[in-house]
Amino acid sequence: MEANGKQGQEGSPELSLRPLDLSDIDDFMVWATDDKVSRFCSWDTFNSKEAGIDYIKNIIIPHPWFKAICLNNKAIGAISVSANNGNDRCRGELGYLLASKYWGKGIATRAVKMVASTIFNEQPHLERLEALVDVENGGSQRVLEKVGFHREGVLRKFFIQKGRCRDVVIYSLLSTDPQP
Amino acid sequence: MQQKVALPSVDLLLELGVLLVRVTLRPFRVSDVDDFMLWAGDEQVTRTIRWKTITSKKEALTFIKEVCIPHLFCRSICIDDRSIGFVLVIRWSGGDRHKADIGYGVASKYWGQGIATKAVKMVISEVFKDFPDLLRLQAFTVVENIASQRVLEKAGFTREGLLRKYTFLKGQLKDSVIYSLSSTDSNGAVDDEV
């Protein structure tokens, strides 16, 4: 399902979300090879186009909800909502990234707002959208706060990433919270 | 002919507050079935845990044999070697095996005596010793379960936050409070590089 973002200002490029596919491989490799982007992600920077193609085929395409963040239909990042099963089906986990060239322009905030304002209608069983952000990732924390997520606390030693144990901040947005 | 010695009644012992000294943990046995049914069949106990309320001896036997006994870490909380509750630790797998969840329940007759707190404290020392790559022990309680939150606080857990509409428990959507104990809380310094 495509979602079109409002234009922030006169003449600003159109932001949209659409499925990512193999034809996006070159744009994918721009952020996938960037240490600044992978720093707080679970994956290590990619070092071959083949690895990128495998990742798109095996992880991204089968994913239940994974979209490319696009500027004038060019993929400049990605945003996803992971599903849970059984007693945890009320929760979805939000993840997003942006090529570093596009940081600091409010784009991630716009993309998260787009997802937050449509995902609960799209997935009626979803009550809670949550995000777990590294304590050192201030930029990402600010994105969520601007969209209206609630900061619920710090979960200590929650993830092992690149051999180190990380504390994360947990945020949530409920279907009953004011729409962003 | 030997004379039978009359032991003090449990009620008297409760009054004397000596029960904590006699709290032990051990694996479940099939022979625990009757004691098990007393608390695992009690809605007051099972309301706030994931276990289904046990309604027959057959169910109790199946549960003990198929869940409690084969479990990586499931202990009966005992007084005088009689089962009055349970405490278990569920380890995560793969990239999350540095984490584990703790859960517990005590027969309602024994509430308010510090028994769950004692059992949790006993498990903490055992589990960080047995699993040296464990860095985080966590626990979830539903927001209205104040008694369970006190158990964790008395056992030294840190309250990290209130997670809104976090999970379904017995078909109801619940806000949960999350607690954790880190390996460095409970032991001496542990290197966080893995």
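Placing unit charges on C-beta atoms (Lys and Arg positive, Asp and Glu negative, everything else neutral), compute the dipole magnitude of the protein assembly as shown about its Cα centre in debye, rounded to 20.
Its charge dipole is roughly 560 debye.
In 5 Å bins starting at 0, how do the alpha-carbon pair distances of chain A split up by percent?
Calculated P(r), rounded to whole percents: 1, 8, 16, 20, 22, 18, 10, 4, 0, 0.
Please say if segment A:5-110 is rounded, prolate or oblate, where rounded means a/c under 1.5 for a ≥ b ≥ c the square roots of the C-alpha gyration tensor eigenvalues, and otherwise the choice is prolate for a/b larger than b/c and oblate otherwise?
Oblate.
Within 10 Å of each Cβ in peptide B:161-171, how many partner chain Cβ atoms are there on average? Round it to a whole number, please.
Going residue by residue through B:161-171 and averaging, the value is 6.
Greater than 30 Å separation of Cα atoms is the criterion. Which listed pairs, A:157/B:65; A:36/A:74; B:57/B:99; A:146/B:174; A:157/B:154; B:58/B:170, meet it?
Values: A:157/B:65 34 Å; A:36/A:74 20 Å; B:57/B:99 34 Å; A:146/B:174 26 Å; A:157/B:154 21 Å; B:58/B:170 22 Å.
Violating the 30 Å Cα-Cα cut-off are A:157/B:65; B:57/B:99.
Test of understanding: what is the full-extension gain from residue B:150 to residue B:80, defined as 0.36 nm times their sequence separation minus their Cα-Cα distance?
22.7 nm
Can you classify segment B:127-175 as rounded, prolate or oblate using the Cα gyration tensor, where a ≥ b ≥ c are the square roots of its eigenvalues, rounded means a/c under 1.5, and otherwise it's prolate if a/b beats b/c and oblate if not?
In terms of gyration-tensor shape, prolate.
Where does chain A land at 222 nm, in deg cm²/dmol rounded to the nearest 500, when only DSSP H runs of n ≥ 4 count, each adding -39500 (n - 2.57), divided by all residues?
It comes out at -7000 deg cm²/dmol, rounded to the nearest 500.
Could you grab the relative contact order for segment B:72-146? Cα pairs under 8 Å, six or more apart, rounded to a whole percent.
27
Using a simple charge model, +1 on the beta-carbon of Lys and Arg, -1 on the beta-carbon of Asp and Glu, nothing else, what dipole does chain A show about its Cα centre, in debye to the nearest 20?
Taking the Cα centre of chain A as origin, the dipole is about 400 debye.
Within chain B, what percent of beta bridges assigned by DSSP are antiparallel, to the nearest 5?
If we restrict to bridges inside chain B, about 90 percent are antiparallel.
Express as a percent, rounded to the nearest 5, the fraction of DSSP beta bridges in chain A (both residues included) that run antiparallel.
90
Enter the mean number of other protein chain beta carbons within 10 Å of the beta carbon of each residue in A:158-165, as an integer.
Details: counts 8, 5, 10, 1, 0, 3, 3, 11.
Partner Cβ neighbours, averaged per residue: 5.
Less than 19 Å apart at the alpha-carbon level, and either on another chain or at least 8 residues along: which aspartates and glutamates does that give for residue A:49?
Within the straight-line limit of under 19 Å, residue A:49 reaches these aspartates and glutamates: A:21, A:24, A:26, A:27, A:34, A:35.
State whether chain B is rounded, prolate or oblate according to the following rule on the C-alpha gyration tensor (a ≥ b ≥ c being the square roots of its eigenvalues): a/c under 1.5 gives rounded; otherwise a/b larger than b/c gives prolate, and the remaining case gives oblate.
Values: a/c = 1.66, a/b = 1.44, b/c = 1.16.
Taking the square roots of the gyration eigenvalues as a ≥ b ≥ c, chain B is prolate.
Zone of residue B:25 (label point 7 Å along Cα→Cβ, backbone N under 19 Å): which residues in segment B:144-160?
B:148-158
Nearest 100 Å² is fine: what is the total accessible surface buried where chains A and B meet, probe 1.4 Å?
2300
When the helix-only estimate is applied to chain B (DSSP H runs of n ≥ 4, each -39,500 (n - 2.57), divided by the residue count), what is the mean residue ellipticity at 222 nm, nearest 500 deg cm²/dmol?
-7500 deg cm²/dmol
Given a 1.4 angstrom probe, what's the average accessible area per residue across segment A:26-144, in square angstrom?
Details: 5540 Å² over 119 residues.
On a per-residue basis, segment A:26-144 sits at 47 Å².
Could you work out the relative contact order of chain B? I mean the mean sequence separation of Cα pairs under 8 Å and 6+ apart, divided by the number of residues, in percent.
Rounded, it is 17 percent for chain B.
From the P(r) of segment A:98-138, can you give the percent of Cα pairs sitting at distances over 12 Å?
Roughly 70 percent, rounded to a whole number.
Taking only Cα atoms of the protein assembly as shown, what ratio of Rg to Rh do you get with Rh as the Kirkwood inverse-distance radius?
So for the protein assembly as shown, dividing Rg by the Kirkwood Rh gives 1.07.
Tell me, what % of the accessible area of the protein assembly as shown is carbon and sulfur with a 1.4 angstrom probe?
52
The values are calculated or read from the model by the stated rules, or taken from the named source; none is laboratory data. Given the structure is predicted, the values throughout are model-derived calculations rather than measurements. A quick note on method: Cβ atoms are made from the backbone with ideal geometry, for glycine too, and the neighbour counts reach across all protein chains shown. Side chains included, ligands, DNA and RNA excluded: accessible areas come from the protein's heavy atoms. Shrake-Rupley method; radii C 1.70, N 1.55, O 1.52, S 1.80 Å.
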